[in-house]
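K.L.:
What follows is a structure written as structure tokens; I'll ask about it next.
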Amino acid sequence: MSPAPGSGPADGKPPAGPEPESPKAPGPVPIKAIPVRHYGRWASAVVVLVLFGLVVYAFTNAKIRWGVVFDYLDDSLILEGVWNTIKISVLSMLLGVVLGVVAAVMRVSKNPVTNTVGWFYIWFFRGTPVYVQLIIWYNLSLIFPTFNVGFYSESMNTFMTPFLAALLGLGINEGAYMAEIVRAGIQSVDEGQTEASHALGMSRAKTMWRVVLPQAMRVIIPPTGNEFINMLKTSSLVSVVQYHELFFNQGVRAQDNLAVAEMLFTASIWYLILTTVFSTGQYYVERYYARGALHDLPPTPFHRVRQLVFGLRRPEVART
């Protein structure tokens, strides 16, 4: 029986059935990551550990009374030397920073007189050993027998104490090095900053102290911290002027107990402690001044230790 007219599709074709489903795309296949073997790292680690073990073995079998080394760490004379070392280092560094800033400003000045004086100061005190400068300051009475400023007069031998000679010798010498560090920091600031400040009516001095130097601190701080760490160790030279810092006092104690090598190791341990503490402080100061220049601040020492501990774990590898 033929279909009734008008009951089927107009074209006479049979009605279409349901469309077949398209095949599903395969899911992501897990990647099996195979870590690269670093045989060179293992070989170098073994060499370093062997060398370190040989050094430790040599020191443990040396004729050094290690008990004496640690017993004198809290000796009253040694602690007095530690305090004097910190005091002379901090004060000398402060004097050096002040003189360095002044000398650096003089070096970049357009005035030929101040520029020449700043250059001569840097040239002379960087070109002569600090040991020689300390001896000259301590024996300044050979040049000026009397210290006389009009309202005050005193014999130079009395006026030039070991502390004052150490302070002047270290501080003035450090000022010559700080001058070059500050000058580099000043010149790292874009000249457009100075031009913009002058366009706003600021004087040269105000521009230097309010605009240029604050921006230059990011460049000045890291080498300044290194200079202070070096100052802690250079302060041992002031024993030549009879100032009772750590190196001088360990020598006095060594004369009493005849433990020369042991007292040197005691002093070395204290120098390591001081440099470690101040190096940590330097890191945080650098991190503070880097806030406006770095998007991601460097990790703190605590974070580094944490990364070292947890980084020893081997990362897990995806398995199929």
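K.L.:
Using label points projected 7 Å from each Cα along Cα→Cβ, tell me how many nm separate residue 94 and residue 284, to one decimal.
P.N.:
Computed distance between label sites residue 94 and residue 284 equals 2.0 nm.
K.L.:
Using the basic label-point model (7 angstrom from Cα toward the beta carbon), what is the residue 41 to residue 68 distance in nanometres?
P.N.:
The answer from the label model is 4.5 nm.
K.L.:
Per 0.36 nm of contour for each residue apart, how much would the distance between residue 141 and residue 110 grow if the chain were fully extended, relative to their Cα-Cα spacing?
P.N.:
7.5 nm
K.L.:
Next question. Output the direction-averaged projected area (hull surface divided by four) of the convex hull of the alpha-carbon atoms of the stretch 160-264, in nm². Don't skip to the answer; put the middle values down first.
P.N.:
On the way: hull surface 34.9 nm².
One quarter of the hull surface, i.e. the mean projection, equals 8.7 nm².
K.L.:
Show me the ranking of peptides 176-183, 129-136 by mean Cβ neighbours inside 10 Å, starting with the highest. Present the calculation step by step, with values, prior to reporting the outcome.
P.N.:
Numbers: 176-183: 22.9, 129-136: 15.9.
Packing order, densest peptide first, comes out as 176-183, 129-136.
K.L.:
Given 238, 257, 279, which one lies farthest toward the positive end of the charge dipole of the stretch 189-280, if we put +1 on the Cβ of every Lys and Arg and -1 on the Cβ of every Asp and Glu?
P.N.:
So the residue we want is 279.
K.L.:
Follow-up question, since we're still on this one. Just order 111-122, 239-250 by mean Cβ neighbour count inside 10 Å, highest at the front, would you? Could the numbers behind the result be given before it?
P.N.:
Values: 111-122: 14.6, 239-250: 22.0.
Result, highest mean first: 239-250, 111-122.
K.L.:
What FRET efficiency would be calculated for the residue pair residue 158, residue 54, taking the C-beta separation as r and a Förster radius of 41 Å, to the nearest 0.05? Mind dumping the intermediate values first?
P.N.:
Numbers: r = 54 Å, r/R0 = 1.32.
Plugging the Cβ-Cβ distance into 1/(1 + (r/R0)^6) gives 0.15.
K.L.:
Can you pull the percent of the stretch 178-286's accessible area that's carbon plus sulfur, 1.4 Å probe, other chains left in place?
P.N.:
Details: 3300 of 5520 Å².
The computed percentage sits at 60.
K.L.:
Sticking with this one: Expected output is a single nm value to one decimal: the length gained when fully extending between residue 195 and residue 258, i.e. 0.36 nm times separation in residues minus the C-alpha distance. What is it? Before the final figure, lay out the partial values.
P.N.:
Values: separation 63, 0.36 × 63 = 22.68 nm, distance 6.55 nm.
Stretched fully, the residue 195-residue 258 segment lengthens by 16.1 nm.
K.L.:
Probe of 1.4 angstrom, ligands and nucleic acids ignored: what's the accessible area per residue over the stretch 28-81, in square angstrom?
P.N.:
Values: 4630 Å² over 54 residues.
Heavy-atom accessible area per residue stands at 86 Å².
K.L.:
Which value, in Å², gives the accessible area per residue of the stretch 196-298 when a 1.4 Å probe is used on the protein heavy atoms?
P.N.:
On the way: 5680 Å² over 103 residues.
For the stretch 196-298, the solvent-accessible area averages 55 Å² per residue.
K.L.:
How much length is gained on full extension from residue 272 to residue 79, taking 0.36 nm per residue of separation minus their Cα-Cα distance?
P.N.:
Details: separation 193, 0.36 × 193 = 69.48 nm, distance 1.44 nm.
Taking residue 272 through residue 79 to full extension adds about 68.0 nm, to one decimal.
The values are calculated or read from the model by the stated rules, or taken from the named source; none is laboratory data. What you see is a predicted model, and the numbers here were worked out from it, not measured in a lab. Counting neighbours? That spans all protein chains shown, and the Cβs are built from the backbone with ideal geometry, glycine included. For accessibility, only protein heavy atoms count, side chains too; no ligands or nucleic acids. Shrake-Rupley method; radii C 1.70, N 1.55, O 1.52, S 1.80 Å.
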